[in-house]
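Step one of this worksheet: look at the structure below.
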Amino acid sequence: MNYMEIIIYTIIFIFGSIMGSFLNVVAMRLSNNESIIWPASHCHNCTHKLRWYELIPIVSYIIQGGKSRCCKTKIPASYIVIEIVTGVLYMVSYHSFGFSREFIISLVFISSLITIIVSDIEYMIILDEVIAVSCITIIVLSLIFFGLERTADSIISGIFAFVTMYIIKLIGDKMFKRDSMGGGDIKLMFLFGLVIGYTLSVCNIFLATFIAFPVAIYMLVRRKDNLIPFGPFLAMAAILIHISKVNISDVLEIIKNI
């Protein structure tokens, strides 16, 4: 990696960490039916308006020792984790797609899924606004970048993925005699179909289940929880599939060799 590449990756990481901080605010405020514009960023304990140097992603958290500067209230560690993870994912996306049209769509996709992961983990909500805005944005960008035919194929993939997940929900509801998954999980599949296609969206369900299984066992045995959001695992799996640029042929080859 040469000097220029290091600069590019650093800039992308910084931009990603800034976006991570913003996405955390979006997830938190929309989940609580609050405006993402007003009021300005403030301490949630004493309502002190935060100054610019208290809002620097990662750095402010470290300098302040993970505590609010005004009232010394502990700041959740999830804040800095989201900022770092978003920065890293933006860098990985750049590594996968370079400066391209796919890279722009990738940033929209990753950003929407990070917001969904945060809202579903913290508030058990998959925000319809985030899904709607991201889907519309990706469709518009796809029309501009790739034309009508490819965009139409992506929309059809999204519809098929949505319908497939809905059928799985109906089967699950009948088997367990209760709601087996939330409506947000089903809507997410349309977004996945738009970006990674129908076949990989279906594979994504199995990958998400694989990722979720040990976590679910831990939560059920150690914490006695019976409500485990599936959306974050679907989103994590989709990000992995997306940034790895895996295709269905690769998946079939892996299955063949098992």
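Of note:
- Some residue of the stretch 120-127 being assigned to a helix (DSSP H, G or I), modelled with pLDDT of 95 or more, crowded, with 18+ Cβ neighbours inside 10 Å and of a type outside the set (A, V, I, L, M): no
- The stretch 89-112 residues that are on the phi > 0 side of the Ramachandran plot and charged (D, E, K, R), paired with ones that are part of a helix (DSSP H, G or I) and surrounded by fewer than 22 Cβ atoms within 10 Å (Cβ to Cβ) (beta carbon under 6 Å, 6 or more apart): none
- Test result for Val195, in contact with a His (Cβ under 7 Å, 6 or more places away or on another chain), modelled with pLDDT of 95 or more, surrounded by 20 or more Cβ atoms within 10 Å (Cβ to Cβ) and assigned to a helix (DSSP H, G or I): yes
- Phe145 aromatic (Phe, Trp, Tyr) and touching a Phe, Trp or Tyr at 6+ places or on another chain (Cβ under 9 Å): no
- Residues satisfying the stated conditions in the stretch 94-129, i.e. within 15 Å of Leu240 (Cβ to Cβ), hydroxyl-bearing (Ser, Thr, Tyr) and more than 13 Å from the chain's Cα centre (by Cα): Ser96
- Members of the stretch 31-50 that are out of contact with any strand residue (DSSP E or B) (no Cβ under 6 Å at 6 or more places or on another chain) and modelled with pLDDT of 75 or more: Ser31, Asn32, Asn33, Glu34, Ser35, Ile36, Ile37, Trp38, Ser41
The values are calculated or read from the model by the stated rules, or taken from the named source; none is laboratory data. A quick note: this is a predicted structure, and the numbers were derived from the prediction, not measured. Using ideal geometry, Cβ is built from the backbone for each residue, glycine included, and neighbour counts are taken over all protein chains shown.
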